[in-house]
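Working notes, beginning with the structure itself.
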Amino acid sequence: MNNFYEIIDERRSTKVYDPQIEIPREELVGILETAGKAPSAWNLQHWQFLVFDNKEVQERLLPIAYNQQQVKDASAVIAVLGDLEANKKVDPVFDPAVENGEMTAEIKNILKGQIDGAYSREEYPRDAAFSNASLAAMQFMLAAKAEGWDTCPIGGFNPAALVSEFNVSDRYLPIMLITIGKPLQKARKSGRLDIRNLIDWAE
């Protein structure tokens, strides 16, 4: 499936998976690599992916996700984590561009100043973690569909329990879980509100 609009139209939130199907790690890494091409503020890539791709760890995740069977039956589950300290990526993100002559050191320092200013505001790190990691999450689901896999985003889980059980650093904020696998039954197509009722034109 490589037509963009077909991918959009055919993507479903699949909740009933074939538990016998495994996803090769190399293929999963490729989908995550595509997800990682999502846009982000200052290109800081405010995300970290915690991958559950065997039944033992998925079983441990199950009660954290309030015993949703899809967490156990999916080929893998991705915990999308938002990086509360993405400002620490300034050097690894910008230095290659400076070294390759694509950015001057002066421009890098200007951008660093902007980033430092944003991260000095109490609410910014959390807001940026949520908004930017969510962009990568959506891109992951579309990339997965393009490769023939179905997904489902899950907001119903216990973030504190996830952090505790899997020793997640306090640098990262759990944003959502995403199951990925092959469906046992076709997911129901959900309706959409008339987009005209969700548009306001600024005056």
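When 179, 14 are ordered from fewest to most other Cβ atoms inside 10 Å of their Cβ, what list results? It would help to have the intermediate numbers written out before the result.
Values: 179 27, 14 23.
Lowest to highest Cβ neighbour count: 14, 179.
Based on DSSP H runs of at least 4 residues, each adding -39500 (n - 2.57), what is the mean residue ellipticity at 222 nm of the chain after dividing by all its residues, to the nearest 500 deg cm²/dmol? Present the calculation step by step, with values, prior to reporting the outcome.
Numbers: 8 runs with 85 residues, N = 203.
Using -39500 (n - 2.57) per qualifying helix, the result is -12500 deg cm²/dmol.
Could you calculate the FRET efficiency of residue 166 with residue 85 from 1/(1 + (r/R0)^6), where r is the beta carbon distance between them and R0 is 22 Å, rounded to 0.05? All intermediate terms of the calculation are to be shown ahead of the outcome.
On the way: r = 19 Å, r/R0 = 0.85.
In this case the efficiency is close to 0.75.
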Review point. Hey, what did the range 4-185 get for relative contact order, percent, Cα under 8 Å, at least 6 apart?
Key: 38 percent
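Quick one: net charge around residue 137, please, counting Lys, Arg +1 and Asp, Glu -1 for every other residue with C-beta under 14 Å from its C-beta. Let's see the in-between values first.
Numbers: positive: 11, 37, 145; negative: 83.
Every neighbour counted, the sum reads +2.
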Check your understanding: Given H placed on each backbone N at 1.01 Å, which residues far from residue 187 in sequence or on other chains put an amide H within less than 5 Å of it?
Key -> none
Point to revise | For the range 86-101, 3J(HN,Hα) per residue [Karplus equation, 6.51 cos²θ - 1.76 cosθ + 1.60, θ = phi - 60°, Hz, x = Gly/Pro] | key: 4, 5, 6, 8, 3, 5, x, 7, 9, 4, x, 5, 5, 5, 8, x
Study note, to complete from the structure: About its Cα centre, the chain carries a charge dipole, from +1 on Lys and Arg Cβ atoms and -1 on Asp and Glu Cβ atoms, whose size in debye to the nearest 20 is 660 debye
Practice item. Choose one answer from 174, 19, 92: the residue with the largest mean-square fluctuation in a GNM of the chain with alpha-carbon springs under 10 Å. Key: 92
Revision key, fill the gap. Calc'd 3J(HN,Hα), the range 107-119, phi into Karplus 6.51 cos²θ - 1.76 cosθ + 1.60 (θ = phi - 60°), Hz, glycine/Pro = x, comes to 5, 4, 5, 5, 5, 4, x, 4, 5, 4, x, 5, 6
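Compare the peptides 165-171, 76-82, 194-200 by average per-residue count of other Cβ atoms within 10 angstrom and give them in order, highest first.
Working: 165-171: 12.4, 76-82: 24.6, 194-200: 6.9.
In decreasing order of mean packing, 165-171, 76-82, 194-200 become 76-82, 165-171, 194-200.
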Exercise for review: Please express the shape of the chain as an equivalent ellipsoid: the semi-axes are the square roots of 5 times the eigenvalues of the C-alpha gyration tensor, given largest first in whole angstrom.
Suggested key: 31, 22, 18
Study note, to complete from the structure: residue 6 and residue 99 label points (each 7 Å along its Cα→Cβ direction) are spaced in nm at 4.1 nm
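Between their Cα atoms, which of 37/112; 37/72; 15/145; 55/186 are more than 19 Å away from each other?
On the way: 37/112 21 Å; 37/72 28 Å; 15/145 14 Å; 55/186 23 Å.
Beyond 19 Å between Cα atoms: 37/112; 37/72; 55/186.
Compute the signed sum of charges (Lys and Arg +1, Asp and Glu -1) over the other residues within less than 13 Å, Cβ to Cβ, of residue 59. The partial results should precede the final answer.
On the way: positive: 55, 60, 72; negative: 53, 56, 73, 165.
Charge balance near residue 59 sits at -1.
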Revision key, fill the gap. Taking the alpha-carbon centre of each part, the distance from the range 29-78 to the range 126-203 in Å is 10 Å
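Coordinate-derived values only; no laboratory data. Keep in mind that this is a model prediction, so the values were computed, not measured. Here Cβ is always computed from backbone atoms with ideal geometry, including for glycine, and neighbour counts include all displayed protein chains.
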